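The values are calculated or read from the model by the stated rules, or taken from the named source; none is laboratory data. These numbers were taken from a predicted model, which means no experiment stands behind them. When we count neighbours, we look across all protein chains shown, and the Cβ atoms used for this are built from the backbone with ideal geometry, even at glycine.
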Amino acid sequence: MAIRKNIRSLTTTEKANFVNACLALKDNNKAGNKWNEFVLIHSQTSTIFTPSNSSRTQPHGGPAFLAWHRYHLHLLELALQQVSGNSNIGVPYWDWTQDTTNPFNAPLWSDDLMGGNGDTSDSSYVVKTGPFRFSQWTIINEAGNPVTYPDNRFTGGLKRRFGNDIGSLPTITEVNNAVWIRNYDDSPYDRTSNNSARNAIEGFINTQLHNRVHRWVGQTMRTSGAPNDPLFYLHHSMIDRMWCRWQSGNGLTAYAPNSGGPFRHNLNDPMLPWDITPNQILNYNNLGYSYDSLR
């Protein structure tokens, strides 16, 4: 079983194994780039409204948010294990609550893990450090083509701009306030749901949480193509960990709505683009991973 660990607890070997698996999955010199398939699944389903006259897309703004990303992350983890031949690889989590006081110098920005901020001396804010730096890691748009910039110097380069859009990361108190909400979700099952752990974690109410981290990192992480940045999966490993913690107090089968809710967000509705329902992935123990700690 894969153990998803706090990035601060990773050994040098574990960091190298994870990074090398990401690079192998991305391998820009191979046809059928597997990493890019994950990017396209997220970016394209983010444009499909469920139902068509609502604010919800399949991955965002509705009850299936946590379930959809749990399965997406699970498939990415399996792909990393397969390409590396290492069934012990788990997607580590970035506990951003530990970096609220000094986020610009968080451990994950090291050259042997995520690399750092975009180059602030250049208007493109392209990442030029770490294993996912420009020239080693190419990002794509919704059509599957390398992203271009106005001056064409950094075609396909990953971009970050820390703290520009929002000034701070979420705190542990804000996380606790979200996971202490007893209701998984509540009518009208969208971005306005108030008595909703899902919506509090997703970040359309209260202190934003999930959305806030995307905004703090900025640039690539603020787009529907956010999985272009491997950081996306470390962030969503943390989000899934929050849901696991919520489930530990409210039950592995707790979900809403069971039926009668918005299209593709009910308990037994297949989630695009897979034939998988939220009900099938509620019990994460059946997916072959666990976390080093839920607290």
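Computed values, structure above
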{"read-out": "Count - residues of segment 73-124 that are part of a helix (DSSP H, G or I) and of a type outside the set (Ser, Thr, Tyr)", "value": "20"}
{"read-out": "Residue list for segment 140-164, filter: at pLDDT 95 or above, in contact with a helix residue (DSSP H, G or I) (Cβ under 8 Å, 6 or more places away or on another chain) and part of a loop (DSSP other than H, G, I, E, B)", "value": "LEU158, ARG160, ARG161, PHE162, GLY163"}
{"read-out": "Complete set of residues in segment 220-236 that are buried (at least 23 other Cβ atoms within 10 Å of the Cβ), of a type in the set (S, T, N, Q) and out of contact with any Asp or Glu (no Cβ under 6 Å at 6 or more places or on another chain)", "value": "ASN228"}
{"read-out": "Every residue from segment 76-92 that is buried (at least 16 other Cβ atoms within 10 Å of the Cβ) and either out of contact with any Phe, Trp or Tyr (no Cβ under 7 Å at 6 or more places or on another chain) or among the aliphatic types (A, V, I, L, M) (or both)", "value": "LEU76, LEU78, ALA79, LEU80, GLN81, VAL83, SER84, ILE89, VAL91"}
{"read-out": "Selection from segment 125-139 of residues that are touching a Gly at 6+ places or on another chain (Cβ under 7 Å) and part of a loop (DSSP other than H, G, I, E, B)", "value": "TYR125, THR129, GLY130, PRO131, PHE132, ARG133, PHE134, THR138, ILE139"}
{"read-out": "Of all residues making up segment 1-17, the number that are assigned to a loop (DSSP other than H, G, I, E, B) and either surrounded by fewer than 17 Cβ atoms within 10 Å (Cβ to Cβ) or free of Cβ contacts under 8 Å to residues at least 60 places away in the same chain (or both)", "value": "2"}
{"read-out": "Failed item in (1) over 27 Å from LEU66 (Cα atoms); (2) under 20 Å from the mean Cα position of the chain (by Cα), with ILE140 passing the rest", "value": "(1)"}
{"read-out": "In segment 126-146, residue surrounded by the fewest Cβ atoms within 10 Å (Cβ to Cβ) [restricted to those that are more than 14 Å from GLY115 (Cβ to Cβ) and in contact (Cβ under 8 Å) with a residue 12 or more places away in the chain]", "value": "GLY144"}
{"read-out": "Among (1) surrounded by fewer than 21 Cβ atoms within 10 Å (Cβ to Cβ); (2) charged (D, E, K, R); (3) assigned to a loop (DSSP other than H, G, I, E, B) - the single one ARG212 does not satisfy", "value": "(3)"}
{"read-out": "All positions within segment 166-195 that are assigned to a loop (DSSP other than H, G, I, E, B) and under 19 Å from MET238 (Cβ atoms)", "value": "ILE166, SER168, LEU169, PRO170, THR171, TRP180, ILE181, TYR184"}
{"read-out": "Subset of segment 196-207 that is without any contact (Cβ under 8 Å) to a residue 40 or more places away in the chain and part of a loop (DSSP other than H, G, I, E, B) - its residue that is surrounded by the most Cβ atoms within 10 Å (Cβ to Cβ)", "value": "SER196"}
{"read-out": "Residue list for segment 34-72, filter: of a type in the set (A, V, I, L, M), touching a Leu at 6+ places or on another chain (Cβ under 8 Å) and assigned to a helix (DSSP H, G or I)", "value": "ALA67"}
{"read-out": "One residue from SER237, SER248 being of a type in the set (Gly, Ala, Ser), touching a residue at least 24 places away in the same chain (Cβ under 8 Å), farther than 30 Å from LYS26 by Cα and not in a loop (DSSP other than H, G, I, E, B)", "value": "SER248"}
